[in-house]
Amino acid sequence: MSKLAVAEVCLEGVEPRLSVRGFWVSFSKVFAKLHCRLVHNNISRPVNGKYRCWTCLQEFSTDF
């Protein structure tokens, strides 16, 4: 077997895991959206299917 074939065979059983950095990035996005929805009250009218918070400038999609 060549080195490439051996490397492919060794990687077949390995499943990708979420990295620690990826976890914190996704957690911070969820926390920021939750914080905005609970604390801020400056929400715009829906434009093109999205709401915008004028305090933190996050966009939220409409659910309809």
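What follows is calculated from the coordinates using simple rules that are stated; it is not laboratory data. This structure is a prediction, so every number in the text was calculated from the model and none was measured. Because the Cβ atoms are built from the backbone with ideal geometry, glycine has one as well, and the counts that use them run over all protein chains shown.
For the reader, a short list of remarks on this structure follows.
- 5 angstrom amide H check on residue 51, placed H, neighbours 5+ away: 60, 61, 62
- Estimated distance in nm for a label pair at residue 23 and residue 50, the labels positioned 7 Å out from Cα along Cα-to-Cβ: 3.0 nm
- 3J(HN,Hα) along region 47-60, derived from phi through the Karplus expression 6.51 cos²θ - 1.76 cosθ + 1.60 where θ = phi - 60°, amounts to 10, 6, x, 9, 9, 10, 8, 7, 7, 10, 6, 7, 10, 10 Hz, with x in place of Gly and Pro.
- Surrounding net charge for residue 51, when Lys and Arg each add one and Asp and Glu each subtract one, Cβ distance under 14 Å: +3
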